[in-house]
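Below is one structure, written out as structure tokens; the observations come after it.
The values are calculated or read from the model by the stated rules, or taken from the named source; none is laboratory data. Remember, it's a predicted structure, so these values are computed and weren't measured experimentally. Here the Cβ is made from the backbone with ideal geometry for all residues, glycine too, and neighbour counts use every protein chain on show. Only protein heavy atoms, including side chains, enter the accessible area calculation; ligands, DNA and RNA are left aside. Shrake-Rupley method; radii C 1.70, N 1.55, O 1.52, S 1.80 Å.
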Amino acid sequence: MFRKLKRYLKDPYFALGCDMIKKCPNLMPDRFYLEVQGRISMGYKFDIGHPSTLAEKIAWMKLNCRDDLYTTLVDKNLVKRWLQEKFGDDFIIPTLAVWNHASEINLDILPDQFVLKCNHDSGSVYICHDKHRGVFYDKYMRPNDFSNVRLSLDKGLKHNFYYDNREWPYKNVKPCIIGEPLMTQKDGSIPNDYKLFYINGEFQFTYVSFDREGVNDRCTYDANWNRLPFVYVDHYKDNMNTSEVLCPKSYETMIDFGRQIAQYFKFVRVDMYDIDGKMYFGEVTPFHSAGYAKFYPKEFEAIYAKKLKLQ
């Protein structure tokens with residue numbers, strides 16, 4: 001009791017916020033929530049009214065950048081229609097089926113290899129390499145059976161992703177489950193995930209999720225595919241940015257394509273794949289790691305924070 005009283009006397013605003021995040025986060029106003037969560041996640045007092053760090057500026061955008069188009073672009077189902085109207089469908093991964101509930105999923109209509117995922121969150125994705133084996137791998141490459149997958153997907157459908165980190169674009173996405181073919185290289189491997197970052201419409205760097213089923217490295221490159229001496233991640237490991245990743249054949253196409261999407265954002269990450277030399281679109285993410293990723297080494301944070309202009 002004395003410890004709790006001391007905490008409240010020292011910093012009542014932060015102490016109240018910490019307790020509310022634990023007990024009733026959905027009742028907290030967005031700014032209060034972001035200031036408290038930001039301080040917990042980043043380790044310093046958040047000033048969203050006068051943002052200077054990259055994390056503070058991203059929190060500012062969560063409160064002030066609320067274009068309805070963002071809701072369409074973060075919806076993994078609707079974004080395909082939007083892109084198709086603007087650019088055609090040559091680089092869009094096909095949608096095999098859409099379901100409103102996991103009980104509706106009919107495996108018989110799906111190919112031997114496919115992906116199931118929710119359209120409105122991060123992490124509700126399952127990969128099936130062989131339908132007849134009945135094994136589904138989650139984003140951490142942990143095996144699951146179909147009954148567990150159904151439970152997880154239904155749980156995801158009931159969850160409003162916006163309340164986790166106050167990422168406004170996700171608030172009004174209508175949840176559904178989508179099925180897609182598993183896109184693999186000619187050798188059967190899953191392609192690397194290329195995450196291209198843009199600030200005020202201009203390309204900055206690419207973060208590569210390399211060999212997720214193997215070494216699972218994170219590597220960073222510039223526009224000319226020169227290795228950059230940092231990573232921008234939420235969980236750092238000593239072996240990051242150590243693998244040798246070949247430049248994808250469609251890299252220039254990726255950068256140019258991503259720039260066309262980035263014109264609608266002050267800060268955005270556009271994910272893409274290169275499959276045997278051809279580019280495919282992945283997703284649009286306005287707030288990488290909810291805005292709480294860190295640069296390692298940390299001195300690069302100030303460089304990119306300075307580049308981001310909010311006004």
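Values for this structure:
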{"read-out": "Of R166, R269, R39, the one that fluctuates the most in a GNM where the chain has Cα springs shorter than 10 Å", "value": "R39"}
{"read-out": "Amide H contacts of G282 (H built 1.01 Å from N, under 5 Å, at least 5 apart or other chain)", "value": "D271, M272, Y273"}
{"read-out": "Under-5 Å amide H pairs with I199, H placed in peptide plane, nonlocal only", "value": "Q204"}
{"read-out": "Option label - Rg and Dmax of the Cα atoms in Å computed here, alternatives (i) 23.6, 85; (ii) 20.2, 64; (iii) 23.4, 72", "value": "(ii)"}
{"read-out": "Global geometry of region 164-300, whether rounded, prolate or oblate, following the gyration tensor of its Cα atoms and the 1.5 cut on a/c", "value": "rounded"}
{"read-out": "Degrees separating the helix 146-157 axis from the principal Cα axis of the chain, which is the longest one", "value": "50 degrees"}
{"read-out": "Among S289, I40, V231 the positive-end extreme of the charge dipole of the chain (Cβ point charges)", "value": "I40"}
{"read-out": "Prolate/oblate/rounded call for region 37-151, Cα gyration tensor, a/c under 1.5 rounded", "value": "oblate"}
{"read-out": "Carbon plus sulfur fraction of accessible area for the chain, probe 1.4 Å, in percent", "value": "51 percent"}
{"read-out": "Whole-Hz couplings from phi, Karplus 6.51/-1.76/1.60, listed for region 190-204; x for Gly and Pro", "value": "6, x, 5, 9, 9, 10, 9, 9, 10, 10, 6, x, 10, 5, 10"}
{"read-out": "Contour excess over end-to-end distance, with Cα ends at L16 and K186 and 0.36 nm allotted per residue", "value": "55.7 nm"}
{"read-out": "Of K155/K266; K195/K307; K86/K249; K57/K298, pairs whose Cα-Cα distance is over 25 Å", "value": "K155/K266"}
{"read-out": "Solvent-accessible area per residue for the chain (1.4 angstrom probe, square angstrom)", "value": "51 Å²"}
{"read-out": "Residue-level accessible surface for M61, protein heavy atoms, 1.4 Å, Å²", "value": "10 Å²"}
{"read-out": "In order through region 301-311: 3J(HN,Hα) via Karplus (6.51 cos²θ - 1.76 cosθ + 1.60), integer Hz, x for Gly, Pro", "value": "4, 5, 4, 7, 5, 5, 5, 6, 9, 8, 10"}
{"read-out": "For the chain, the longest site-free run once GluC sites (Glu not before Pro) in DSSP loop states with at most 12 other Cβ atoms within 10 Å are removed", "value": "1-212"}
{"read-out": "Only Lys, Arg (+1) and Asp, Glu (-1) charged, at Cβ; region 58-172 dipole about Cα centre in debye", "value": "340 debye"}
{"read-out": "Centroid-to-centroid separation of region 14-69 and region 126-180 [C-alpha atoms, Å]", "value": "26 Å"}
